[in-house]
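I have placed the structure first, in the form of structure tokens, so that the comments after it can refer back to it.
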Amino acid sequence: MENALELKTQIAEQVAKEHAEVSVIKLVDLIVRHAYAARASDIHIDPAETRVFVRERIDGILHDDVELPKGIHSEVITRIKVLSGLKTDIHHVPQDGRFRVHVPAETKGAKDRPVVGESDIDIRVSIAPTYYGENCVMRILAASDKSVGLAQLGFNPLQLEQLDYAIKKPYGMLLTNGPTGSGKTTTLYTMIKLLNTRDASIVTIEDPIEYSIEGITQMPVNVSAGFTFASGLRSILRQDPNIIMVGEIRDDETASIAVNAALTGHLVLSTLHTNDAATTFPRLTDMGAPPFLLASTVNIVVAQRLVRVVCPSCRIKKKLNLAELKSIAPLAKSLLIDKVYTAGPGCEQCDQKSYKGRIGIYEVLDVNEEIRPLIVGRADAAQIRTVAVKHGMKTMIEDGLMKAQEGVTTIEEVLRIVYE
């Protein structure tokens, strides 16, 4: 059975060969398959003066994988360009593409990372010129398991109840917030799959389309052709949709059209870049959305981050000392925490990394009758947050600390993610 260690050995064997004997085709294939087996989300190929570094992002952290000889750098990049259908004679401007690669079904890690069409995965490619030659970043787009629901993403029972009620409304807006790489798209896709029935027309506009979902009309943004989120959203409204997913609200025009679509009988799902749930409303107001319309249309806001899951095989339970209790008391608010789990020394199950996989920490702001007047009155985020907490909203840091207490993650990981 193929596994990450065996694949790494094969990569090392290729790298150790003389330049003329290296099979670049096999080497690129091995690098991709190793990253998949190691549960990596991205592969970085970064050229330096005399070497080329290959790194993998696993659970949000970049790890050195292998060094390639500088002499085969251009051949490796050319091979990736050929696979991606990119121009091999252009070296001074960025290029983006994608390709599909076959992964043997018995590859270790396939349980954790289901594959497209049972034996293939999609790879999104970005190549850019640098001082020492072209670098390459490959994003591994392994299809998410169809059975995964919101509970598996890390939402607690109250949050699940609020989300279930919000997504069953026939109109309004559901927004997910957070920085790049915080799992917003995964949350939206999970909601869309729950809403995907034969009696509903769902249309999405995305940049880019990450996963294909059967039964849904998905449209990719094409800025060079003038097809932006705003113009695409106008087109979607003429497609007789019940549910609309907009990949991201980036500008005033998109915000205005999205709010009006939600007001005229459509359920609109989208993402926004804000630090927390309460900041959503001042941000949309700054983008020109009238506060009275926001109060009428926004059903619920989810702010999120991804934290690493502590390895259950080597985690350690510890009792917090007085200094630690005092340090987290202002963050924990009403939570009574005296014991938490912490990362262990590492083991075979987690490849000596102490963590394995990631899960979301969330705050879910339900727009109720007490929140709406604050939005209309242009209240600041702190006022909105205070009222939401009063009505039971757990802040992101509290949700993370609860997960640390349950042994899902660690306090150190929660603080690293929330305050980085």
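The values are calculated or read from the model by the stated rules, or taken from the named source; none is laboratory data. Just so it is clear, the structure is predicted and the values come from calculations on it, not from any experiment. Every residue, glycine among them, receives a Cβ derived from its backbone with ideal geometry; neighbour counts consider all protein chains shown. Remember, those area values only see protein heavy atoms, side chains included, never the ligands or the DNA or RNA. Shrake-Rupley method; radii C 1.70, N 1.55, O 1.52, S 1.80 Å.
Annotations for the structure displayed:
- Close pairs from the stretch 400-414: first on the phi > 0 side of the Ramachandran plot, partner among the polar types (S, T, N, Q), Cβ under 7 Å, at least 6 apart: none
- Selected residue (criterion: nearest to PRO170 (Cα to Cα)) from residues of the stretch 234-252 that are under 25 Å from the mean Cα position of the chain (by Cα) and acidic (Asp, Glu): GLU248
- From the list HIS34, HIS44, HIS63, the one residue that fits, being open to solvent by 20 Å² or more (accessible area, probe 1.4 Å), at pLDDT below 95, touching a Lys or Arg at 6+ places or on another chain (Cβ under 7 Å) and under 30 Å from THR409 (Cα atoms), is HIS63.
- Only a single criterion out of (1) in contact (Cβ under 8 Å) with a residue 24 or more places away in the chain; (2) within 24 Å of the chain's Cα centre (by Cα) is not satisfied by PRO345, namely (2).
Yes or no, residue by residue, for (1) within 30 Å of MET173 (Cβ to Cβ); (2) free of Cβ contacts under 8 Å to residues at least 40 places away in the same chain; (3) of a type in the set (Ser, Thr, Tyr); (4) in contact with a Phe, Trp or Tyr (Cβ under 8 Å, 6 or more places away or on another chain):
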site: TYR355; (1), (2), (3), (4): no, no, yes, no
site: ARG358; (1), (2), (3), (4): yes, no, no, no
site: ILE375; (1), (2), (3), (4): yes, no, no, yes
site: ASP380; (1), (2), (3), (4): yes, no, no, no
site: MET396; (1), (2), (3), (4): yes, no, no, yes
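- Flag if SER354 is of a type in the set (Gly, Ala, Ser) and within 30 Å of ASP59 (Cα to Cα): yes
- Selection within the stretch 179-211 - over 12 Å from the mean Cα position of the chain (by Cα), in contact (Cβ under 8 Å) with a residue 60 or more places away in the chain and open to solvent by 20 Å² or more (accessible area, probe 1.4 Å): LEU195, PRO208, TYR211
- Filter pass, GLY117 being touching a strand residue (DSSP E or B) at 6+ places or on another chain (Cβ under 6 Å) and at pLDDT below 95: no
- Number of the exception - PHE227 against (1) open to solvent by less than 40 Å² (accessible area, probe 1.4 Å); (2) of a type in the set (Phe, Trp, Tyr); (3) at pLDDT below 95: (1)
- Considering residues of the stretch 88-114 that are among the acidic types (Asp, Glu) and assigned to a loop (DSSP other than H, G, I, E, B) only, the residue modelled with the highest pLDDT: ASP89
- At least 1 residues being modelled with pLDDT of 90 or more and open to solvent by 40 Å² or more (accessible area, probe 1.4 Å) is the threshold, and among the helices (runs of 4 or more DSSP H) wholly inside the stretch 291-401 those reaching it are 291-297, 371-376, 381-390.
- The set of residues from the stretch 230-288 being open to solvent by 30 Å² or more (accessible area, probe 1.4 Å) and among the acidic types (Asp, Glu) comprises ASP240, GLU248, ASP251, ASP252, GLU253, ASP286.
- Cβ separations smaller than 8 Å between residues 6+ apart or across chains give the following pairs from the stretch 4-23 residues that are modelled with pLDDT under 90 to residues that are open to solvent by 80 Å² or more (accessible area, probe 1.4 Å) and outside any helix (DSSP H, G or I): ALA4/LYS108; ALA4/ASP351; VAL15/GLU67.
- Test result for LEU269, more than 18 Å from TYR165 (Cα to Cα) and either out of contact with any Ser or Thr (no Cβ under 6 Å at 6 or more places or on another chain) or not in a loop (DSSP other than H, G, I, E, B) (or both): no
- Listed by first and then second residue, the pairs linking a residue in the stretch 74-94 that is on the phi > 0 side of the Ramachandran plot to a residue that is outside any loop (DSSP other than H, G, I, E, B) and basic (Lys, Arg), with Cβ atoms under 9 Å apart and 6 or more places separating them unless they lie on different chains, are GLY85/ARG98.
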